[in-house]
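See below for the structure under consideration.
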Amino acid sequence: DWLLRLLAVVAASQAVGDEVPRHERLAMARKVQDMYGHAFESYMKYAFPADELRPLSCDGRVQRERGDLDAVLGNYSMTLIDALDSLVIFGRRADFRAAVDHIVTSVAFDKDLEVSTFEANIRILGGLLSGHGHAQKLFGADYGGGLLDK
């Protein structure tokens, strides 16, 4: 839901960027940052290290509840992996560092599960690859490439 709002704000600012005063664009950007912060912090507080946050019950979800609609779940902090690039984009470097450290030290994929190849590629592989690229740039030699070892 927050991603759709973010995309709507970006699209609106692109389409009418010259018509919306700068102070309003900055206010909208701040609102998007606040919404992202709320979503990420809620996941970390109520669901981490589970794959997803169940918003109505405010708890984590690690197992399938809806048949193959949940085929990407595997109890490997899916939302944290999926959020790596967003943490960088929103300037949350300390959260990014903590996320990378957690993934490198605690997440394992050697599980006997059936997963959605599409979801696994875009959320896991995509998250790990983009996170690796950002970690190289942000941490340099201190990083060590741990996300690629997953």
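Listed values, structure above:
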item	result
Those residues of the stretch 105-118 which are surrounded by 15 or more Cβ atoms within 10 Å (Cβ to Cβ) and not aliphatic (A, V, I, L, M), in sequence order	116
Within the stretch 120-150, considering residues that are over 19 Å from residue 105 (Cβ atoms) and buried (at least 16 other Cβ atoms within 10 Å of the Cβ), the one modelled with the highest pLDDT	130
Candidate set: the stretch 73-91, residues that are on the phi < 0 side of the Ramachandran plot and of a type in the set (Ser, Thr, Tyr); chosen: the one surrounded by the fewest Cβ atoms within 10 Å (Cβ to Cβ)	86
Residues (touching a residue at least 40 places away in the same chain (Cβ under 8 Å) and loosely packed, with under 15 Cβ neighbours inside 10 Å) located in the stretch 92-104	93
Matching residues in the stretch 81-110 - criterion: being in contact with a Phe, Trp or Tyr (Cβ under 8 Å, 6 or more places away or on another chain) and of a type in the set (Lys, Arg)	92, 97
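The values are calculated or read from the model by the stated rules, or taken from the named source; none is laboratory data. Please read these numbers as outputs of a predicted model, since none were measured by experiment. Heads up, the Cβs are rebuilt from the backbone with ideal geometry, glycines too, and the neighbour counts pull from every protein chain shown.
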